[in-house]
Amino acid sequence: MTNDILRRLRFAVKMSDPAMLEMIGLGGSSASREELGSYFLKEDEAGYAECPKAVLSALLDGMIVKRRGPRADGAPAPAPAALDNNMVLKKIRIALELKEEDMIAVMRLAGADLSKNELSALFRKKGQKNYMECMDQFLRNFLSGLARFGKA
């Protein structure tokens, strides 16, 4: 799934290879141009490699640093316990400075209606009342809508 997220995110925010490599570096990881290229191949193609969650997380963290600047205290972003779809969605929201209305508009562009309560549930901590897991299809739809949104 990480490769799919990487491909869709790249398309949605129109990122070049050099920009992606820069953001991965800003996020505290590294990848070569060849490694990055292998993440965009299809599973049955020679040279295909699964994108590690750490690289995807570093890319998202790097997007936040690149677009919003480093943290005020200068500390690196805390590493999440596990990178799941909810965390991916949250990091994209932070990096692109998407407001609640923007998130709802993005989902409408993807053909899905989302209430403010449902949106709020996606950003709650796991185990909290009303927490809602961000399913793969929801994230795919969000990235599809984001490509049409134009704020990226």
Taking A112 as meeting all but one of (1) buried (at least 18 other Cβ atoms within 10 Å of the Cβ); (2) in contact (Cβ under 8 Å) with a residue 24 or more places away in the chain; (3) of a type in the set (A, V, I, L, M); (4) more than 21 Å from L6 (Cβ to Cβ), write down the number of the exception.
(1)
Determine whether D61 is modelled with pLDDT under 95, acidic (D, E) and at negative phi.
yes
Can you work out which of the residues in segment 12-25 that are crowded, with 17+ Cβ neighbours inside 10 Å and in contact with a Lys or Arg (Cβ under 8 Å, 6 or more places away or on another chain) is farthest from L96 (Cα to Cα)?
L21
Taking the conditions exactly as written (in contact with a Gly (Cβ under 6 Å, 6 or more places away or on another chain) and at pLDDT below 95), does G69 satisfy them or not?
no
Assess whether L59 counts as being within 25 Å of G145 (Cα to Cα) and either buried (at least 19 other Cβ atoms within 10 Å of the Cβ) or charged (D, E, K, R) (or both).
yes
Surrounded by fewer than 16 Cβ atoms within 10 Å (Cβ to Cβ) and without any contact (Cβ under 8 Å) to a residue 24 or more places away in the chain: does that describe E100?
yes
For L41, which of the numbered conditions (1) in contact with a Phe, Trp or Tyr (Cβ under 8 Å, 6 or more places away or on another chain); (2) more than 20 Å from E97 (Cα to Cα); (3) assigned to a helix (DSSP H, G or I) fails to hold?
(3)
Looking at segment 141-149, can you tell me whether even one residue there is in a loop (DSSP other than H, G, I, E, B), surrounded by fewer than 14 Cβ atoms within 10 Å (Cβ to Cβ), touching a helix residue (DSSP H, G or I) at 6+ places or on another chain (Cβ under 9 Å) and not acidic (D, E)?
no
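The values are calculated or read from the model by the stated rules, or taken from the named source; none is laboratory data. Quantities reported herein were computed from a predicted structural model and do not represent experimental measurements. Methodologically, a virtual Cβ is constructed for each residue, glycine included, from the backbone with ideal geometry; neighbour enumeration extends over all protein chains shown.
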